[in-house]
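The values are calculated or read from the model by the stated rules, or taken from the named source; none is laboratory data. Because the structure is predicted, anything quoted here is derived from the model rather than measured. Cβ placement follows ideal geometry from the backbone for every residue including glycine, while neighbour counts extend to all protein chains displayed.
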Amino acid sequence: MKNLQKIFKNSPIEVTSEAAMVALGRGMAAEMEAGQVFGLVGDLGAGKTHLVQGILEGLGAGNPAASPTFSLVHEHDDGALPVAHFDFYRMKSPQEAIGIGWDEYLASGRILLVEWADRFEGALMPADTRWLVLRHTGENTRTVTLVE
């Protein structure tokens, strides 16, 4: 996993703005590898989509991140590594993810960024998932913790 551990050595990381969350994602992108799966966990407004936005920017993707709440998945193939950005928030069962090609995405070598991944942790997320836990710690502050 290259040096994500170095970024998170003093975990949790405190983030004080949306711009700082995006910057953290940009820094993380340089340490990501094809085929990795990241589960993003946090309450509404915790910054999951802003973190994904930074990761996509760091990988050079031309399309900005938007929460795929209604479309369930967005593909980003124009950066250094291909990414699939999922949102499990509205899914009622693991079968919905399987129905849109979850198993194929897992086998594709793409980086998978999954918001609300904890909804189906045992049913869908592989054992080697890296978990990014985002928490509100104040009106404008969040913490981000990497759990492997």
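Tabulated values for the structure
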| quantity | calculated |
| --- | --- |
| GLU31 surrounded by 15 or more Cβ atoms within 10 Å (Cβ to Cβ), within 14 Å of the chain's Cα centre (by Cα) and part of a loop (DSSP other than H, G, I, E, B) | yes |
| Residue in the range 98-110 that is among the polar types (S, T, N, Q), over 13 Å from the mean Cα position of the chain (by Cα) and closer than 20 Å to PHE8 by Cβ present | no |
| Of all residues making up the range 14-28, the number that are under 19 Å from ALA65 (Cβ atoms) and outside any helix (DSSP H, G or I) | 2 |
| Condition check for PHE38: buried (at least 17 other Cβ atoms within 10 Å of the Cβ), under 19 Å from ALA127 (Cα atoms) and in contact with a Pro (Cβ under 7 Å, 6 or more places away or on another chain) | no |
| Any hit, the range 116-133, residues being surrounded by fewer than 15 Cβ atoms within 10 Å (Cβ to Cβ), of a type outside the set (Lys, Arg), on the phi > 0 side of the Ramachandran plot and not in a helix (DSSP H, G or I) | no |
| Tally, over the range 10-22, of residues that are more than 14 Å from the chain's Cα centre (by Cα) and touching a residue at least 12 places away in the same chain (Cβ under 8 Å) | 8 |
| Count - residues of the range 70-102 that are surrounded by fewer than 18 Cβ atoms within 10 Å (Cβ to Cβ), assigned to a helix (DSSP H, G or I) and touching a Leu at 6+ places or on another chain (Cβ under 9 Å) | 3 |
| Every residue from the range 1-19 that is under 20 Å from ALA61 (Cβ atoms) and surrounded by 17 or more Cβ atoms within 10 Å (Cβ to Cβ) | LEU4, ILE7 |
| Total residues in the range 134-148, condition under 20 Å from GLY45 (Cβ atoms) and in a loop (DSSP other than H, G, I, E, B) | 5 |
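A quick yes/no check of all residues on (1) touching a Pro at 6+ places or on another chain (Cβ under 9 Å); (2) not aliphatic (A, V, I, L, M):
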| site | (1), (2) |
| --- | --- |
| ASP87 | yes, yes |
| MET91 | no, no |
| TRP102 | yes, yes |
| SER108 | yes, yes |
| ILE111 | yes, no |
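Here is a yes/no grid of residues against (1) out of contact with any strand residue (DSSP E or B) (no Cβ under 6 Å at 6 or more places or on another chain); (2) under 30 Å from ALA19 (Cβ atoms); (3) modelled with pLDDT of 95 or more:
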{"residue": "VAL114", "(1), (2), (3)": "no, yes, yes"}
{"residue": "ARG119", "(1), (2), (3)": "yes, yes, no"}
{"residue": "ALA123", "(1), (2), (3)": "yes, no, no"}
{"residue": "ARG135", "(1), (2), (3)": "no, yes, yes"}
